[in-house]
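What follows draws every value from the coordinates through simple rules; no lab data is involved. As the structure is a computational prediction, the values presented were derived from the model and not from experiment. Neighbour counts are summed over all protein chains in view; Cβ atoms, including those assigned to glycine, are modelled from backbone coordinates with ideal geometry.
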Amino acid sequence: MTIVRSPVSSPNTGIVQVRAIEVYMNRKEVEAVNGTSVKLQCTFKSSEPIFEDSVIVGWNFRPLKPGAEETVFHYQEGPFPPTEGRFKGHAVWSGDIMKEDASITLLDVQFNFNGTFSCEVRNPPDFQGIAGEVILKVVEKASISDIKILAASVGGAIAVVIVILIIFVLVRRRLSLRDDDEEPEVELRESLRKDPTVW
């Protein structure tokens, strides 16, 4: 979370008041598989009223290797995706200004997207000087932790199915045994009824 306070002079008292805008990144680091899509979440809180035409959002990128910072996305009265550079055709708007959401989604993630993404939000007279940041790691395949979670989920589902099958089989066997116990008694009654010499 980044909190930046901007000084505002009060015309009545001459005292400098402080207004704040808060930017929240839900995670410090995100991992994405090469060729998939990943959402970079950024939300904000402003002390000023929010209107779709008042909020300005800027997303920038700083590569892992030394290099110049690049513009990823710009929002001002509407989304402006990049028209050139490595993020052309890859960055789309996923936010909602009225819900204080300035998120974007990266499509068809490439290995050269590895680096730090920064989200900067302004809502005049609330200004932000330091952007919220998230590190993106692009991997060739799912990490071990993701595989473990998937394996645990599949294993748990299989275990539940097996338990249900065992219960079903046990219930069926118990019912069949009960039927087998009742059949001799029924046959004995029938034979006694048909054979008068027994009486």
- line: The set of residues whose placed amide H lies less than 5 Å from the amide H of S47, leaving out same-chain residues fewer than 5 positions away, is A20
Calculated from backbone phi, Karplus (6.51, -1.76, 1.60) coupling profile of the stretch 75-83 in Hz, x at Gly/Pro: 10, 7, 6, x, x, 10, x, x, 9
statement: At R0 = 41 Å the Cβ-Cβ FRET efficiency linking K148 and D101, nearest 0.05, sits at 0.85
- prompt: Pulled fully out, how much extra length does the chain show between A68 and I166, if you take 0.36 nm times their separation in residues and subtract their Cα-Cα distance?
  reply: 29.0 nm
- line: The ³J(HN,Hα) series, computed from each phi in the stretch 43-59 with the Karplus coefficients 6.51, -1.76 and 1.60 at θ = phi - 60°, rounded to the nearest Hz and given as x for glycine or proline, is 10, 8, 10, 10, 7, 9, x, 9, 10, 4, 9, 9, 8, 10, 10, x, 10
message: What lysines does K99 reach when the alpha-carbon gap must be under 29 Å and sequence neighbours fewer than 8 apart in one chain are set aside?
response: K28, K39, K45, K88, K137
query: If we count other beta carbons within 10 Å of each Cβ, what is the order of E84, E69, E133, fewest first?
result: E84, E69, E133
statement: Counting sequence-distant residues (5 or more places) and residues on other chains, those with an amide H built under 5 Å from that of V139 are A32, V33, N34
message: Can you list residues from other chains, or at least 5 along the same chain, whose modelled amide H is less than 5 Å from the amide H of I104?
response: L40, C42, S94
field: For the stretch 160-172, 3J(HN,Hα) per residue [Karplus equation, 6.51 cos²θ - 1.76 cosθ + 1.60, θ = phi - 60°, Hz, x = Gly/Pro]
entry: 4, 4, 5, 4, 5, 5, 4, 4, 4, 5, 4, 5, 4
